Amino acid sequence: MAQTPSVAFTVTVANFPPTWQTVPTIAFAQGVASSVSVAAYATDTNGDPLAITKNAAALPPGVTYDAANKRFVYDGVGAVGGTSGHVLTADDGRP
Amino acid sequence: MTHTAPARDAERRAFLRLLAATTAALAMGGCTKQPVGLDQAPTPPVVTTPPPIIPPTPGVNAPPVWQVVPTITFAQGVASSIGIGGYVSDANGDSLTIAMNAAVLPAGVTYDAPNKRFVYDGVGAIASTSGVVLIANDGKG
C-alpha cells in the first residue's frame, strides 16, 4: 500500500480573548434621561460571559457607567458636556 | 511574322536585364539599410522555462502527498469540526483513506476518519496535544 504520513502537528482546544469593535462616541440628548449599552461592542469567540469595566476617566455630570448592565446612564439633568479618554476593558474570566 | 521575332526577343532580353538590375539594386539597398551589423551583438531572445509538469507515469502509482497541516485549533466551549482532506492530494487521483496515529487528543476532540475531520464536542476543557500524525493511504501497492 502507498502510505504517506503527514508532518506531526498540534491539535488544541483554546481560549480566545475578547475582541472589541470600535466604540463610537456615546451621545445623550441633554434633558432626556436614557441609557446606551456597550455590550455589543465586545464579543468572545468562546461565548464566555464578559465583565466590562471602565477606566477612571471622569464622565460628564449626570452620566455614570453601569458595569452590571454594561451601559452608560444619563440622568437627564446634567448639563451639556463632553469627556474623552474613556476605556472599557472586557474580561472573559479566564487566565 | 518572322521579321518581327528578333525585335521582340531583343526587347524581352532588354526588359529582363533591366528587371535583374533593378532587383539587384533593391537587394543591395535592402542590405545597406539593415541596422544590425557585425559589430552589434544580437539581443538574445528571452527564454522563460515553464515549471516542469511531471505527469504520473502510466502504470506507476504515485503516493499521496501532504501539505503541512497547521495547528488545528478549536475554541473551548464551541462545538465544531475541522476538515483535513484538503491538505493531502494524490497525483493519480486515487481516493484516499486517512488514519491517525495513536496520539491522545484533547478531551472532547475525536478524529472522524470516514469524514476526514477532527470534531470537538464543545465541552472538553482547554488542552493541547502535539505529535499528531495523519497517514494517507491510496490503497495501491
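The values are calculated or read from the model by the stated rules, or taken from the named source; none is laboratory data. Here the structure is a predicted model, which is why all the values come from computation and not from measurement. Reconstructed Cβ throughout: ideal geometry from the backbone, glycine too, with neighbour counts over all protein chains shown.
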**Prompt:** Can we say A:A42 is surrounded by fewer than 16 Cβ atoms within 10 Å (Cβ to Cβ) and at pLDDT 95 or above?
**Reply:** no
**Prompt:** Where in the stretch A:17-95 are there strands (runs of 3 or more DSSP E), lying fully within it, with 3 or more residues that are under 28 Å from B:A75 (Cβ atoms) and in contact with a Leu (Cβ under 8 Å, 6 or more places away or on another chain)?
**Reply:** A:51-54
**Prompt:** Among the residues of the stretch B:76-101, which ones are in contact (Cβ under 8 Å) with a residue 24 or more places away in the chain and small (G, A, S)?
**Reply:** B:G77, B:A79, B:S80, B:S81, B:G83, B:G85, B:S89, B:A91, B:S95, B:A99
**Fill in**
For the stretch B:55-75 the number of residues that are without any contact (Cβ under 8 Å) to a residue 24 or more places away in the chain and at the interface with chain A (Cβ under 8 Å from one of its Cβ atoms) is 5
**Request:** Among the residues of the stretch A:12-47, write down those that are facing chain B (nearest Cβ under 7 Å) and aliphatic (A, V, I, L, M).
**Result:** A:V13, A:A14
**Asked** Which strands (runs of 3 or more DSSP E) sit wholly inside the stretch B:85-141 and have at least 2 residues that are closer than 30 Å to A:N46 by Cβ, more than 7 Å from every other protein chain (Cβ to nearest Cβ) and of a type in the set (A, V, I, L, M, F, W, C)?
**Response** B:97-100
**Request:** Go over the candidates A:T12, A:T89, A:T64 one by one and state the one that is without any contact (Cβ under 8 Å) to a residue 60 or more places away in the chain, touching a strand residue (DSSP E or B) at 6+ places or on another chain (Cβ under 6 Å), within 30 Å of B:P63 (Cβ to Cβ) and not hydrophobic (A, V, I, L, M, F, W, C).
**Result:** A:T12
**Complete:** From the option list A:F16, A:F28, single residue qualifying as aromatic (F, W, Y) and closer than 30 Å to B:G85 by Cβ is A:F16
**Message:** Of the residues A:F9, A:F72, only one is away from every other protein chain (no Cβ under 14 Å), of a type outside the set (A, V, I, L, M) and surrounded by 14 or more Cβ atoms within 10 Å (Cβ to Cβ); which?
**Reply:** A:F72
